[in-house]
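*Asks:* What follows is a structure written as C-alpha cells; I'll ask about it next.
The values are calculated or read from the model by the stated rules, or taken from the named source; none is laboratory data. Keep in mind that what you see is a predicted model, and the values were worked out from it rather than measured. Quick reminder, even Gly has a Cβ in these numbers, built from the backbone with ideal geometry, and neighbours come from all protein chains shown.
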Amino acid sequence: MPNAYPVILVHGLFGWGPSELAEFPYWGTGMSVPSPLPRYAATVGPVSSLHDRACELAWQIRGGRVDYGADHSAQFRHQRYGRRYDRGIHPNWSAQDPVHLVGHSMGAPTIFVLQQLLADDFFDWGSTASWVASINSISGSLNGSTATYYFGCDPTTGQLDPDTAGDFLAHTIELFVRVTRGVFDRFYDFQLDQWGVVTDETESLDSYVARIAESPMFTGKDNGAYDLTLQSMLEVNGRCRTNPNCFYFSFVTEQTFRTFLSAHYFPEPDMNPFLIPPSVYIGKTEFRPPLYQGFTSSEWWENDGLVSTYSQSHPRIAGTHPVHGVLPATGPFQPGGWYTQVLADVDHIDIVALPQLNQIGQQKRFYMNLFSRLADLPG
C-alpha cells in the first residue's frame, strides 16, 4: 500500500530556505512540480557541522527549541540550545508516521547523521531509525569531498588553520555568489546562534563573515568545513549505520570527461564556469600520503564540479553499508541497501537552485520521478 509521508528537503553547504530567498528557491523546480506527497524545504546552518545541522533539522520537523546535547555542546564549547520552532513541520513524527528525507550535497550526510541520532534516541523522544522511511542523496558528499583541500582544509588533519578560516569562507562564498548569479549575496543569516554569532541587519556581508571566521567554531572540528573532509566522513560513516528497514537512494551527478592522453578528468564544456577550478583540482590531484588506508587518488577524479562521483554513490570509506546496485526503472525496491542512479552531464548546481537553461527540463523530470517513487514505497 502506498504511503502519504511528508518529504523534507535539506540543502547543502551555503544553502538557504524558502523564507530567506523565496523568489530563488534552493530546490529549483523541485518545490513547484506536481507531487503526490506533501513536501517541505528545511533551513539549517549553512556552515554548521553535520551534528548541529541534524539537530536543527530534527527540532524543525517535530517543533520545539533546538537542543544540541549537553555533552556535544560542552565538548565543542558552544551554547546547548538554539532557535525555537513553535510549529513543527510534522509534529506527530514517529515510526508509524515517518518522513522521507532528501539531501543535496552536504544535506545528504546531514540526513544520514539525523537518522543515526534517532536510532540512538539522542533527543529522548523514544525514537528509532524507523522514524525515517527513506534517505535520498542528491549529489551527496557521502564520503566527503577533496574540494575541501582546494579551499583550505589541511589534507592531513582535515582541519582549518585558524589563520585560514577567513580565506576558506571568502573563497567559498565568492564561489556560491558567482555560481548562483549573485543570488547568494542578497542574504546572509548563517544561523550560528549557538556560537553567539547573531545576524546584524545593518552589517555588511564582509564584516559578518569576518566575525564568523574569528569564532571558535573554526578552530576545531564542529563546523561544515571539517565535516566535508574525508577525515570527518571516515568517523561519520563508521558511526552511522544503514538501517535494514529504510530505503536508500543515491543520485550521482557528473560532468567531466577523460581523454586518451591522460587518466585525469576534465570539466565538460557546459559545466558552470565557476565550478571549473575546483573540478580541475578534484580531477587530477594526487594525495601523498594517501588520505586513508586503501585510498586511491584516481578513484576520486571523476566529479560534478564539487564532489567526486566516487563519494556520491553510497557511504563506502568506513562501516558496513549494503549496496543493492543500480536503481531500476520501477519497483518494488528492497530496504536496507543503497540504490544508485547516475545523472550524466549534470553539474553540482544544475540539479538544484538555478540550473543552466538546457537542464531545466531534466531537473523537472527528476523531481517528478523522485516524488512519485517515494509515494509508491510501502506505507
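*Asks:* Collect the residues in region 117-139 that are among the small types (Gly, Ala, Ser) and either in a strand (DSSP E or B) or in contact with a His (Cβ under 9 Å, 6 or more places away or on another chain) (or both), keeping them in residue-number order. Give the steps one after another, and end with the answer.
*Replies:* At the first step, the residues of region 117-139 found to be among the small types (Gly, Ala, Ser) are 119, 126-127, 129-130, 133-134, 137, 139.
Within region 117-139, Ala133, Ser134, Ser137, Ser139 qualify.
*Asks:* Is there a residue in region 8-29 that is loosely packed, with under 15 Cβ neighbours inside 10 Å, at pLDDT 90 or above, out of contact with any Cys (no Cβ under 7 Å at 6 or more places or on another chain) and more than 29 Å from Asp124 (Cβ to Cβ)?
*Replies:* Within region 8-29 (the criterion being loosely packed, with under 15 Cβ neighbours inside 10 Å, at pLDDT 90 or above, out of contact with any Cys (no Cβ under 7 Å at 6 or more places or on another chain) and more than 29 Å from Asp124 (Cβ to Cβ)), the answer is no, since none of the residues qualifies.
*Asks:* Please pick out the residue among Leu142, Leu114 that is in contact (Cβ under 8 Å) with a residue 60 or more places away in the chain, in contact with a strand residue (DSSP E or B) (Cβ under 9 Å, 6 or more places away or on another chain) and not in a loop (DSSP other than H, G, I, E, B).
*Replies:* The match here is Leu114.
*Asks:* I'd like to check something: does region 81-91 contain any residue that is surrounded by fewer than 22 Cβ atoms within 10 Å (Cβ to Cβ), basic (Lys, Arg) and within 22 Å of the chain's Cα centre (by Cα)?
*Replies:* yes
*Asks:* A further question follows. If I filter region 197-234 down to residues being aliphatic (A, V, I, L, M) and modelled with pLDDT under 85, which single residue comes out as nearest to Gln79 (Cα to Cα)? So that I can check it myself, show each step before the final result.
*Replies:* First, pick out the residues of region 197-234 that are aliphatic (A, V, I, L, M): 197-198, 205, 209-210, 212-213, 217, 225, 228, 230, 233-234.
Right, trim to modelled with pLDDT under 85 and you get 198, 205, 209-210, 212-213.
Numbers: Val198: 13, Leu205: 24, Val209: 20, Ala210: 20, Ile212: 15, Ala213: 18 Å.
Top of the filtered list is Val198.
*Asks:* Then there's this: For region 325-362, which residues satisfy the criterion of being modelled with pLDDT of 95 or more, surrounded by 13 or more Cβ atoms within 10 Å (Cβ to Cβ) and among the polar types (S, T, N, Q)?
*Replies:* Selection gives Thr340, Gln341.
*Asks:* Can you tell me which residues in region 30-46 are hydroxyl-bearing (Ser, Thr, Tyr) and either surrounded by fewer than 17 Cβ atoms within 10 Å (Cβ to Cβ) or closer than 21 Å to Arg62 by Cα (or both)?
*Replies:* Ser32, Tyr40, Thr43
*Asks:* Within region 51-69, does at least one residue satisfy the condition of being β-branched (Val, Ile, Thr) and either farther than 20 Å from Val198 by Cβ or surrounded by fewer than 21 Cβ atoms within 10 Å (Cβ to Cβ) (or both)? Break it down stepwise before answering.
*Replies:* First, pick out the residues of region 51-69 that are β-branched (Val, Ile, Thr): 61, 66.
If we keep only those that are either farther than 20 Å from Val198 by Cβ or surrounded by fewer than 21 Cβ atoms within 10 Å (Cβ to Cβ) (or both) too, we end up with 61.
Within region 51-69, one or more residues are β-branched (Val, Ile, Thr) and either farther than 20 Å from Val198 by Cβ or surrounded by fewer than 21 Cβ atoms within 10 Å (Cβ to Cβ) (or both).
*Asks:* Are there any pairs, at least 6 apart or on different chains, whose C-beta atoms fall under 7 Å, with the first in region 324-342 and in contact (Cβ under 8 Å) with a residue 40 or more places away in the chain and the second of a type in the set (Phe, Trp, Tyr) and assigned to a loop (DSSP other than H, G, I, E, B), and if so, which?
*Replies:* Tyr339/Phe333
*Asks:* Looking only at residues that are β-branched (Val, Ile, Thr) and surrounded by 15 or more Cβ atoms within 10 Å (Cβ to Cβ) in region 200-233, which one is farthest from Thr164 (Cα to Cα)? Spell out how you get there, then give the answer.
*Replies:* The initial filter retains those residues of region 200-233 that are β-branched (Val, Ile, Thr), namely 202, 209, 212, 219, 229.
Narrowing the set further to residues that are surrounded by 15 or more Cβ atoms within 10 Å (Cβ to Cβ) leaves 209, 212, 219, 229.
Numbers: Val209: 13, Ile212: 12, Thr219: 10, Thr229: 16 Å.
If we take residues in region 200-233 being β-branched (Val, Ile, Thr) and surrounded by 15 or more Cβ atoms within 10 Å (Cβ to Cβ), then Thr229 is farthest from Thr164 (Cα to Cα).
*Asks:* Just the residues that are of a type outside the set (Phe, Trp, Tyr), modelled with pLDDT of 95 or more and under 18 Å from the mean Cα position of the chain (by Cα), please, taken from region 30-40.
*Replies:* Result: Arg39, single match.
*Asks:* Which one is nearest to Phe218 (Cα to Cα) among residues in region 30-52 that are in contact with a Gly (Cβ under 9 Å, 6 or more places away or on another chain) and free of Cβ contacts under 8 Å to residues at least 60 places away in the same chain?
*Replies:* Filtering region 30-52 for residues that are in contact with a Gly (Cβ under 9 Å, 6 or more places away or on another chain) and free of Cβ contacts under 8 Å to residues at least 60 places away in the same chain, the one nearest to Phe218 (Cα to Cα) comes out as Ala42.
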